[in-house]
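Can you read through this structure? Questions will come right after.
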Amino acid sequence: MLTAVIVLSASAQTTIRVTVSNPINKVRADEPVIIPLSGYGDVRSALVTMNGQEIPCQLDDMNQDEQFDELCFLADLDKKETKQYAVTLYETGEPRPYPARVYAEMVMANTKDKTLKKHQQNNFIESITARGDAAYTYNLQHHHGVDFESELNGIRIYFDARQTLDLYGKYNKRLELKETQFYTTDEQKANGYGDDVLWVGQTFGLGAFRGWDGQKPTLVEPVRSRTQRIISYGPLRSIVEIVDRGWQVADTHQPSPITLNMTLRYTQYAGHRDTDVDVFFNKDVSALRFSTGIINVKGSEEFSDKQGLRACWGTDYPATDTTKWQRETVGLAVLVPYRNIASEEPANKDNYAYVLKVDGQHMAYKVCYTSDKETFGYHTAKDWFEYLTAWKKEVESPVVVTFN
């Protein structure tokens, strides 16, 4: 009986040897390592070790079919360093718990309990879909859309045709959105919690993905339906998706719009102030044009390397009520692969924009920001732009991962 149990346990696990190398002469922290799990059976739990020491890892069900599709862990590497990891996959058990370094939330107002304060709403949801003819989806969720964060940043995405990224500035490196829900109280502010730092209006905000009608960006409308959903809560990365079904998007080559489905996936890794954006379509959209960019913060200073990195540094009120809010200084950036840029548009009063071209059915880009509130961040345009230049070099020199 005992021998049979041992044999069964051995057959229900697989160990993968993973080599992770840093190709550049710079220390790297929290570098994502992703292992696709197709071909490894029904993985239910996992263990990652390096020199016998356990490393936090995460299993994610990307297509929501109740089977894990990817394993993620984060690597810390010295200059030009190579490390060896052992990843053991099990067909039984549950994902191991690790301290949360990211957070994601969708919540609707609890109108039943009148004792709850604005930052204490508890009608938590994981997905919401609105028909395209819904009157006003912006107020369906408590903080107007899904939010997520790492220790360094905090973002909410508006649940309407803008699908804009709005920003939360922090004083300290920590998770805060569970406590503030994007509506920081005076008491929380006195205790060093951050707050909303950007007014976005109809602009791109931080890198919203839009259509392009040949002259200007267009909102993501009309649609047959619009969905926000959380794919993963962490602990190492949060993943949220925006799904627009039946989007009638402008086609600059013909008068009639093209109808398609689009999924925007936002991935936030622990220890990162940048956020990954993946855009998926259900058909080839190579002939179409889209757009993204950043808001032209009032009086902002612009930076562009003319190769896909565009940024600004500026100061403005984060809300129209200038008596309640103080002016906030932010640095914003969008990093688009050069092959996806059809044109870099001149700045106007609203945006610093790119016109985009997609090769086939998918493209990816990154957004990044800092707030002058931060005790750990950047406080001048010069420092912000220098950081972004170094950041781009890291993005273009990813760690090298091999496994067997």
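The values are calculated or read from the model by the stated rules, or taken from the named source; none is laboratory data. Everything numeric in this text was worked out from a predicted model, so none of it was measured. Neighbour counts run over all protein chains shown; Cβ positions are idealised from the backbone, glycine included. We work out accessible area using only protein heavy atoms, side chains counted, and drop any ligands, DNA or RNA first. Shrake-Rupley method; radii C 1.70, N 1.55, O 1.52, S 1.80 Å.
Residue-by-condition table, conditions (1) surrounded by fewer than 18 Cβ atoms within 10 Å (Cβ to Cβ); (2) closer than 30 Å to ASP76 by Cα:
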residue	(1), (2)
ARG237	no, yes
VAL249	no, no
GLN268	no, yes
GLY271	yes, yes
ASN282	yes, no
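Taking the criterion of being in contact (Cβ under 8 Å) with a residue 12 or more places away in the chain, assigned to a strand (DSSP E or B) and of a type in the set (Asp, Glu), would at least one residue in the range 275-294 satisfy it? Write out each step before concluding.
If we filter the range 275-294 for residues that are in contact (Cβ under 8 Å) with a residue 12 or more places away in the chain, which is where we start, we get 275-294.
Among the residues that remain, those that are also assigned to a strand (DSSP E or B) are: 275-281, 290-294.
Cutting the leftovers down to of a type in the set (Asp, Glu) gives us 276, 278.
Yes, some residue in the range 275-294 is in contact (Cβ under 8 Å) with a residue 12 or more places away in the chain, assigned to a strand (DSSP E or B) and of a type in the set (Asp, Glu).
Search the range 80-107 for residues being part of a strand (DSSP E or B) and open to solvent by 50 Å² or more (accessible area, probe 1.4 Å), and hand back the single one that is nearest to GLN120 (Cα to Cα).
Going residue by residue through the range 80-107, those that are part of a strand (DSSP E or B) are 82-90, 103-105, 107.
Now drop any that are not open to solvent by 50 Å² or more (accessible area, probe 1.4 Å), which leaves 82, 84, 90.
Working: THR82: 45, GLN84: 44, TYR90: 38 Å.
Within the range 80-107, the match that is nearest to GLN120 (Cα to Cα) is TYR90.
Determine the pairs where a residue that is under 21 Å from ALA100 (Cα atoms), located within the range 60-77, has a partner that is part of a loop (DSSP other than H, G, I, E, B) and basic (Lys, Arg) with Cβ atoms under 8 Å apart, the partner being 6 or more residues away or on another chain.
PHE68/ARG44
Moving on to the next point. Yes or no: LYS118 at pLDDT below 95, open to solvent by 30 Å² or more (accessible area, probe 1.4 Å) and in contact with a Phe, Trp or Tyr (Cβ under 7 Å, 6 or more places away or on another chain)? Step through it out loud before you land on a result.
On the way: at pLDDT below 95: yes; open to solvent by 30 Å² or more (accessible area, probe 1.4 Å): yes; in contact with a Phe, Trp or Tyr (Cβ under 7 Å, 6 or more places away or on another chain): yes.
Here the answer is yes, as LYS118 does meet what is asked.
Are any residues in the range 30-78 β-branched (Val, Ile, Thr) and either under 24 Å from the mean Cα position of the chain (by Cα) or buried (at least 19 other Cβ atoms within 10 Å of the Cβ) (or both), and if so, which ones?
Just the residues of the range 30-78 that are β-branched (Val, Ile, Thr), to begin with: 33-35, 43, 48-49, 55.
Within the range 30-78, VAL33, ILE34, ILE35, VAL43, VAL48, ILE55 meet the criteria.
Out of (1) buried (at least 18 other Cβ atoms within 10 Å of the Cβ); (2) free of Cβ contacts under 8 Å to residues at least 60 places away in the same chain; (3) polar (S, T, N, Q), the odd one out for ASN348 is which?
Of everything listed in (1) buried (at least 18 other Cβ atoms within 10 Å of the Cβ); (2) free of Cβ contacts under 8 Å to residues at least 60 places away in the same chain; (3) polar (S, T, N, Q), ASN348 misses just condition (1).
Okay, residues lined up against (1) small (Gly, Ala, Ser); (2) within 21 Å of the chain's Cα centre (by Cα):
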position	(1), (2)
THR320	no, no
THR329	no, no
GLU344	no, no
LYS349	no, no
ALA364	yes, yes
THR389	no, yes
VAL401	no, no
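Here is a further query. Kindly indicate whether any position in the range 188-207 is open to solvent by 20 Å² or more (accessible area, probe 1.4 Å), hydroxyl-bearing (Ser, Thr, Tyr), in contact (Cβ under 8 Å) with a residue 40 or more places away in the chain and assigned to a loop (DSSP other than H, G, I, E, B).
Taking every residue of the range 188-207 in turn, none turns out to be open to solvent by 20 Å² or more (accessible area, probe 1.4 Å), hydroxyl-bearing (Ser, Thr, Tyr), in contact (Cβ under 8 Å) with a residue 40 or more places away in the chain and assigned to a loop (DSSP other than H, G, I, E, B).
Would you point out which residue out of THR380, THR375, THR329, THR389 is farther than 18 Å from PHE209 by Cβ, modelled with pLDDT of 95 or more and touching a Gly at 6+ places or on another chain (Cβ under 8 Å)? Full working, then the answer.
Values: THR380 fails: touching a Gly at 6+ places or on another chain (Cβ under 8 Å); THR375 fails: touching a Gly at 6+ places or on another chain (Cβ under 8 Å); THR389 fails: touching a Gly at 6+ places or on another chain (Cβ under 8 Å).
After applying the criteria, what remains is THR329.
Quick check, is ARG224 open to solvent by 50 Å² or more (accessible area, probe 1.4 Å), out of contact with any Ser or Thr (no Cβ under 8 Å at 6 or more places or on another chain), over 18 Å from ARG162 (Cα atoms) and modelled with pLDDT of 95 or more?
no
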